[in-house]
Ligand code: HEC
């Protein structure tokens with residue numbers, strides 16, 4: 001009789017998945033030597049195996065190291081609009097951005 005609590009659906013399945021992905025990545029934040037192959041695997045979760053995205057997420061395969069690294073930096077620094085990449089790239093120091101970009105450009109061509 002004291003009124004209903006506001007019904008808010010604050011979390012959808014997609015956000016849960018995102019949270020899980022980000023939780024998986026959290027331990028790499030600030031690490032000096034995260035294995036670039038593992039980093040690339042975490043990217044494949046969204047960008048598709050070898051970056052061959054099956055859906056609307058942009059494909060990464062065939063992209064050059066410089067382009068990937070530049071995109072990650074501009075996401076991280078908030079210069080490029082994004083839905084999720086800014087949050088993902090935030091945990092990446094420069095040397096990890098370079099390492100994962102090198103790994104992807106070398107392996108996902
Ligand atoms: C949770 C899903 C998800 C994960 C994990 C993810 N990405 Fe992305 N990525 C996206 C989406 C969605 C976009 C489109 C931009 C946006 O909305 O953030 C994108 C865009 C990009 C782009 C720009 C591509 C282009 O051609 O415009 C690059 C480069 C990129 N991601 C690299 C990575 C790398 C490297 C990783 C792993 C460290 C990674 N992404 C992990 C979802 C993800």
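Just so you know, all these numbers are worked out from the coordinates, no wet-lab data involved. In this text the structure is predicted, and so the values were computed from the model without any measurement.
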Assuming 0.36 nm per residue, please report the length gained on full extension of the stretch residue 37 to residue 82 beyond their Cα-Cα distance. 13.8 nm
Let me have the relative contact order for the range 34-107, percent, based on Cα pairs under 8 Å that are six or more residues apart. 34
